[in-house]
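Taken together, the values in this text are just the output of simple stated rules run on the coordinates, not laboratory data. For clarity, every value in this text was computed on a predicted model and none was experimentally measured. Reconstructed Cβ throughout: ideal geometry from the backbone, glycine too, with neighbour counts over all protein chains shown.
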Amino acid sequence: MNNSVGNTARLLGAGLRALLVLTVLCGVLYPLAVTGIAQTAFGHQANGSEVKDANGTVVGSSLIGQSYGEDLRWFQGRPAAGLAKNTVNTQYELLVSGATNKAADSPELLKSVREAKAEVLLDNTVPGYVPRLSQIPADAVTSSGSGLDPDISPAYAELQTARVAQRNGLPVAEVAKLVKAHTAGRTLGFMGAPRVNVLELNTALRDLRRRG
């Protein structure tokens, strides 16, 4: 009987010691180590890839696209047709990431693309510049799989340059230079496609307007 009680006590003691050691290792030391490495080596990414303006104010994340509504002073991102309002936690006005899930031959999709093309042509037609239908890239009239794509193609950014310049009273060459400065190449030189981050570009545009 005494041996049984003693064995049970030893097993419980060993289990508690193992629990304590693993809790310290996995629940304290490991998270601290990972957090320390992330903050040291990847501080920008670990903190949400924040985008700041010239005053140091955080204006968003470079990983999440933003909507600029009908304000044509700004470069516009990709359409967000696949997004829906958050209906679970109604305390916050959040958007739910998602795509339209429409087939390439869907009449609804084809109709929305035609309408989007007409709107892009209308919005970007300014004195001295009339875009051609063939200039409109696919990302200007279709949403991404996530609906939150933060980037657009250089072609779509260039298409908007004349309109943005005119709306902000800036030289076209100056806005074009801004687009070029914020055009990123392929990842590692061979993956993906060249892209322009809309939030970073518009933040630079805002700073340029303030200086002007």
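Some points to look at:
- Long-range HN-HN contacts of SER61 with modeled amide H, under 5 Å: VAL51
- For SER143, the residues whose amide H sits under 5 Å from its own are ALA81, ignoring neighbours fewer than 5 places away on the same chain, with H placed 1.01 Å from N.
- ALA138/LYS177 FRET efficiency (R0 30 Å; Cβ-Cβ; nearest 0.05): 0.75
- Altogether, the Stokes-Einstein calculation at 20 °C and 1.002 mPa s, with the Kirkwood radius of the chain over Cα pairs as Rh, returns a diffusion coefficient of 102 µm²/s.
- Segments 7-17, 153-163, 138-148 sorted - mean Cβ within 10 Å per residue, highest first: 153-163, 138-148, 7-17
- From phi via Karplus (6.51, -1.76, 1.60), per-residue ³J(HN,Hα) for the stretch 112-123 in Hz, x at Gly/Pro: 5, 5, 4, 5, 5, 4, 4, 5, 4, 4, 5, 5
- Calculated mean residue ellipticity at 222 nm for the chain: -14500 deg cm²/dmol, from DSSP H runs with n ≥ 4 weighted as -39500 (n - 2.57), summed, divided by the residue count and rounded to 500.
- Derived scalar couplings ³J(HN,Hα) [the stretch 36-50; Karplus, 6.51 cos²θ - 1.76 cosθ + 1.60; whole Hz; x for Gly, Pro]: x, 5, 4, 5, 7, 8, 9, x, 5, 5, 5, 9, x, 6, 5
- Cα→Cβ-extended label distance, 7 Å offset, between ARG211 and ALA54, nm: 0.6
- Only one residue of PRO107, ALA54, ALA173 has its Cα farthest out toward the positive end of the dipole of the stretch 49-211, where Lys and Arg carry +1 and Asp and Glu -1 on Cβ, and that residue is ALA173.
- Charge dipole (the chain, unit charges on Cβ, about Cα centre) - positive-most of ALA116, GLY6, GLN39: GLY6
- At an R0 of 22 angstrom, the distance between the Cβ atoms of GLN39 and ILE64 translates into a FRET efficiency of 0.55.
- Peptide ranges 36-42, 116-122 listed from the most packed, as the mean C-beta count within 10 angstrom indicates: 116-122, 36-42
- What the phi angles of the stretch 18-33 give under the Karplus curve with 6.51, -1.76 and 1.60, with θ = phi - 60°, is a coupling list of 5, 4, 5, 5, 5, 5, 5, 5, 8, x, 10, 5, 5, x, 5, 5 Hz, glycine and proline written as x.
- Residues VAL34, VAL164, VAL172, sorted so that the one with the fewest Cβ neighbours within 10 Å comes first: VAL34, VAL172, VAL164
- All aspartates and glutamates inside 14 Å of LYS111 as judged from Cα atoms, apart from same-chain residues fewer than 8 positions distant: GLU119
- Take each peptide in 176-185, 18-27, count the other Cβ atoms within 10 Å of every residue, and average; sorted highest first, the result is 176-185, 18-27.
- Taking label positions 7 Å along the Cα-Cβ direction at both LEU20 and LEU121, the computed distance is 7.7 nm, reported to one decimal.
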